[in-house]
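One structure below.
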Amino acid sequence: MTTHTPRVFSGIKPSGGLTLGNYLGAIKRFVDMQGQGFETIYCVVDLHAITVWQDPKELKDATREVAAGFLASGIDPTQSILFNQSQVSAHAELGWLFNCVARMGWMNRMTQFKDKAGKNAEKVSLGLYAYPSLMAADILLYHATHVPVGEDQKQHVELTRDIAAKFNHDFKAEGFFPMPEPIIDGPATRVMNLRDGSKKMSKSGESDMERINMTDDADTIAKKFKKARTDPDALPDTLEGLKGRPEARNLVDIYAALSEATPEAVIAEYAGAGWGRFKPALADLAVEKLAPISTEMARLMGDKAEIDRILGEGADRADAIAQPILDQAYDITGLLRSR
């Protein structure tokens, strides 16, 4: 059986700006995994962004903004590989091979497509339907063994494992592609809307008050948390007491993630406290942790050439890993290459 280098791959789409959900659910975890015995590869997945219409004039800057968010949060481009997907053409090439390995029945079971397409399934792009096989290519192109994802992306990692297993089986290439493991942990891997705790915090929500943008300044961050929707009851003395209180649970989870504590520890500290005490404490904590990131993002966005240089160097390093794996996949598949 082939043994694979412990390697992490994950990415974020450059569409609509980064939110606190992206930070707590993904970027903070990416930073934490640096230097932990993994080779870490992080990507701005711009090819995934164009599965729905993007303004070409805005897409490049949106890509830079996500990169700035990675860097400002603590991704070190000398310790991790940071690049944007479209600069490494092997992603699209392996994606096509996987389009020919994945089965229609598998794709039809993808719940995220059903959620995004809704009643307009006949009118959305083929890319939106097929993007889970490109996501599988993103991961397997680097023989990644671990993928930090939110709960809602777990199904895509399972599909990635199915594609890897079928490719290895069909082409008698046992162990060529690894079986990557999803990493889903932490108190706020799914950050909810500040106005409706039953909905995920989203870049595309109607009101700016329902989300924390990673570009928000200190005053805006504080104001949004102080105005976040809650209920009339004080905080309970056990986590069980938050059952049926989604807005309250969301704020406790956010506090826990920002303070690197458990939700249980937060409840123990604030048991019996009213929102007049808890929300200002959360606002202060969020400003302390997030305002330096938004300030640094603004500084980085003032030097776009430097962001482009970092992404270009990262793409060269990513390509050096990806191209030999793609070449082997082509050979295994029987595709003739004579140059």
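The values are calculated or read from the model by the stated rules, or taken from the named source; none is laboratory data. It should be emphasised that the depicted structure is a prediction, and the values quoted were computed from it without experimental measurement. Cβ atoms come from the backbone with ideal geometry, glycine included; neighbour counts cover every protein chain shown.
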**Report entry** Out of Leu47, Leu71, Leu82, sole residue that is within 30 Å of Gly118 (Cα to Cα), touching a helix residue (DSSP H, G or I) at 6+ places or on another chain (Cβ under 7 Å) and touching a residue at least 24 places away in the same chain (Cβ under 8 Å)
**Finding:** Leu47
Report summary line: Lys203 meets each of (1) in contact with a Lys or Arg (Cβ under 9 Å, 6 or more places away or on another chain); (2) farther than 18 Å from Glu247 by Cβ; (3) crowded, with 17+ Cβ neighbours inside 10 Å with one exception, condition (3)
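Run down Tyr129, Tyr142 and say which single residue is surrounded by 16 or more Cβ atoms within 10 Å (Cβ to Cβ), within 23 Å of Ile332 (Cα to Cα) and aromatic (Phe, Trp, Tyr).
Tyr142
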Report task. Could you tell me which numbered condition Gly69 fails, if it satisfies all but one of (1) farther than 25 Å from Gln155 by Cα; (2) in a loop (DSSP other than H, G, I, E, B); (3) at pLDDT 95 or above? Result -> (2)
Query raised in the report: Taking Ala165 and the conditions (1) assigned to a helix (DSSP H, G or I); (2) surrounded by fewer than 16 Cβ atoms within 10 Å (Cβ to Cβ); (3) in contact (Cβ under 8 Å) with a residue 40 or more places away in the chain, which numbered condition does it fall short on, given that it satisfies the others?
Result: (3)
Query raised in the report: Of the residues Asp216, Asp196, Asp185, which is buried (at least 17 other Cβ atoms within 10 Å of the Cβ) and part of a loop (DSSP other than H, G, I, E, B)?
Result: Asp216
Query raised in the report: In region 19-61, which residues are in a loop (DSSP other than H, G, I, E, B) and under 10 Å from the mean Cα position of the chain (by Cα)?
Result: Val45
**Report entry** Any pair with Cβ under 8 angstrom, 6 or more apart, that starts in region 177-188 at a residue that is under 15 Å from Ala165 (Cβ atoms) and ends at one that is at pLDDT 75 or above and among the basic types (Lys, Arg)
**Finding:** Met179/Arg161; Pro180/Arg161
**Report entry** Unique match (being in contact (Cβ under 8 Å) with a residue 24 or more places away in the chain, under 28 Å from Met192 (Cβ atoms), touching a Gly at 6+ places or on another chain (Cβ under 7 Å) and in the same structural domain as Gln87 (by TED's automatic domain parsing)) among Asp152, Asp138
**Finding:** Asp138
Query - Total residues in region 85-114, condition closer than 19 Å to Pro324 by Cα and buried (at least 16 other Cβ atoms within 10 Å of the Cβ) - result: 11
Requested in this report: Restricting attention to helices (runs of 4 or more DSSP H) lying wholly within region 221-339, give those where 3 or more residues are in contact with a Lys or Arg (Cβ under 7 Å, 6 or more places away or on another chain), assigned by TED's automatic domain parsing to the domain that holds Ala164 and not β-branched (Val, Ile, Thr).
Outcome: none
Requested in this report: Find all pairs meeting these conditions: Cβ atoms under 7 angstrom apart; at least six residues apart or on different chains; first residue within region 285-303 and free of Cβ contacts under 8 Å to residues at least 40 places away in the same chain; second residue buried (at least 16 other Cβ atoms within 10 Å of the Cβ).
Outcome: Leu285/Tyr255; Leu285/Leu258; Leu285/Ser259; Lys289/Leu258
**Report entry** Residue that is nearest to Arg277 (Cα to Cα) [pool: residues in region 199-213 that are of a type in the set (Lys, Arg) and in a loop (DSSP other than H, G, I, E, B)]
**Finding:** Arg211
